[in-house]
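Inspection log for the structure reproduced underneath, given as structure tokens.
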Amino acid sequence: MEHDIDTDIDTGARERGARRDEAVAAAVEQGLLGPGAPLVGLLDVTGIRESAAELRAAFEAVAAPGTPVLHAFAVKATPLVPVLRLLWEEGVGAEVASPGELALARAAGVPSTATVLDSPAKTPAELREALALGVAVNADNPQELDRLDALMRTASSGSPLGIRVNPQVGGGSIEALSTATATSKFGVALRDEGARQWVVRAYLERPWLTRLHAHTGSQGIPLTLMAHGVAETYALAEEINARVGRRQIDTLDIGGGLPVNFASDAATPTYAEYARLLAETVPGLFDGRYGLVTEFGRSLLAKHGTVVARVEYAKSAGGRPVAVTHAGVQVATRTVYAPGAWPLRIAAYDAKGRPKEGPAVVQDVAGPACFAGDLLAREQALPLLEQGDHAAALDTGAYYFAHHYAYNSLARPGIYGFAPEGEKGVAFAVVREPQTLAEIVAESGGAHAEALTTLRASGRG
């Protein structure tokens, strides 16, 4: 009997939705969400585990037996230590792009052998630390490679090293996230005059360069364009190895960037779909001659996070209902400033956290920040939100509540992981404590209140 993938997608969507509904009600019942805690982030632990398993299975299905594959989670997507620890338990390492992200990965217990450092602005100190730890490094440009040359002359390292290239295959629907355009800031632009020849020569002159990296995917990028970028990278690796006369490049880092469907609960496209497309487009990628590294982020976490905010007031303006909530620009910065590119679905829950019923009413869902554009959703049709209800922003497990924007000195919300427990019960675990007012004051220079008053302008003689 042929397996029905669409049925699996629909079933997964229903199960995620049911777990979310149970978690919102339990959060209200257990006091994690209420008048004294009007904003929380919820993470579906079961869903995260399932996504990690689906990613591993998708590439195992197309790769030759024994092919070394490292799936490294893009830490920037959800920089939370407990999330990184959970993913490592599920066999997913870490892709880091700053000293802070590297520190988070280390705090989570992710080993150096499962960590990759990518950044367009690595300092000498960052490079030295990575080489000392044995973290894989992808050099972004010729000047960075010069720094690696100097470091490699004075120290030995077990770090796998490579160069990041930009195949310049084009962009997607969101310009700010398109990493393979003609003028993208990332990597060595392969189609620029002399660039490809420089890359080939760099490998010929440095036997310790054993990886090649490119990242084409991101939100708004079609799968075919992602596969095209991987194909260009594979072709370059084949060219370099042919010139060298041996398999010097032994690993291809193909990046991540699988888009996320924000229009419904369905998790599409799937990792299996992308892996099959890669196998059709670049069959040599999976024949066992190359190890593989992936760097997925948003697609692993987005569907498994929910921002839930209490409706503080319900009003109307210009004849349109407006629900004023505690979730706005501080937790959904991209949506507020670029609503066309980052629209969010809102689910309505009543005061007890139960899914709200009733006729759909076109309304705005507003945040607490003091500017007019602080809207979580514009003209969205929902059961009418009333004072004391809850508005849930869906698909926010990546690039939302873990990326706090401190407008109006609004506090960071508490974040809790949840999983089913016993008969219709839900267990919660603290991922990040709610920020206190004392912490806001401390971060804002509270210990240095008199600092500026001690400075006096002095005349010049």
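The values are calculated or read from the model by the stated rules, or taken from the named source; none is laboratory data. Given the structure is predicted, the values throughout are model-derived calculations rather than measurements. Cβ coordinates were reconstructed from backbone atoms using ideal geometry, including for glycine residues, and neighbour counts include every protein chain displayed.
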Q: Answer yes or no as to whether ALA176 is in the same structural domain as ALA72 (by TED's automatic domain parsing), at pLDDT below 85, surrounded by fewer than 16 Cβ atoms within 10 Å (Cβ to Cβ) and assigned to a loop (DSSP other than H, G, I, E, B).
A: no
(Q) Checking the condition of a type outside the set (A, V, I, L, M), over 21 Å from GLU54 (Cβ atoms) and in contact with a strand residue (DSSP E or B) (Cβ under 9 Å, 6 or more places away or on another chain), which residue from ARG289, ARG310, ARG298, ARG246 passes? (A) ARG310
Q) Got at least one residue in segment 317-325 being touching a helix residue (DSSP H, G or I) at 6+ places or on another chain (Cβ under 9 Å) and not acidic (Asp, Glu)? A) no
Q: Considering each residue of segment 382-408, count those that are of a type in the set (Gly, Ala, Ser) and more than 24 Å from PRO339 (Cβ to Cβ), and give that number.
A: 1
(Q) Among the residues of segment 6-42, what is the count of those that are more than 18 Å from GLU54 (Cβ to Cβ), touching a residue at least 12 places away in the same chain (Cβ under 8 Å) and assigned to a helix (DSSP H, G or I)? (A) 10
Q: For VAL83, indicate whether it is in contact (Cβ under 8 Å) with a residue 60 or more places away in the chain, at negative phi and not charged (D, E, K, R).
A: yes
Q.
Please go through segment 348-367 and give me each residue that is touching a residue at least 60 places away in the same chain (Cβ under 8 Å) and assigned to a strand (DSSP E or B), ordered by number.
A. TYR349, PRO355
Q.
Return the residues of segment 335-360 that are surrounded by fewer than 19 Cβ atoms within 10 Å (Cβ to Cβ) and either aliphatic (A, V, I, L, M) or closer than 16 Å to TYR407 by Cα (or both); say none if nothing qualifies.
A. TYR337, ALA338, ALA341, ALA351, ALA360
Q: Identify all residues within segment 242-271 that are buried (at least 19 other Cβ atoms within 10 Å of the Cβ) and of a type in the set (Ser, Thr, Tyr); write none if there are none.
A: THR251, THR270, TYR271
Q | Residue in segment 319-340 that is at pLDDT 95 or above, out of contact with any strand residue (DSSP E or B) (no Cβ under 8 Å at 6 or more places or on another chain), closer than 28 Å to GLY31 by Cβ and not β-branched (Val, Ile, Thr) present | A | yes
Q) Can you name every residue in segment 272-295 that is surrounded by fewer than 19 Cβ atoms within 10 Å (Cβ to Cβ) and acidic (Asp, Glu)? A) GLU273, GLU280, ASP287
Q) Counting residues that are more than 28 Å from the chain's Cα centre (by Cα), closer than 22 Å to GLY41 by Cα and not assigned by TED's automatic domain parsing to the domain that holds ALA94, which strands (runs of 3 or more DSSP E) fully inside segment 289-337 reach at least 1? A) 305-317, 320-325
Q.
Can you tell me which residue is surrounded by the most Cβ atoms within 10 Å (Cβ to Cβ) among those in segment 54-73 that are part of a helix (DSSP H, G or I) and in contact (Cβ under 8 Å) with a residue 12 or more places away in the chain?
A. LEU55
Q: Would you check if ARG49 is in a helix (DSSP H, G or I), of a type in the set (D, E, K, R) and over 17 Å from the mean Cα position of the chain (by Cα)?
A: no
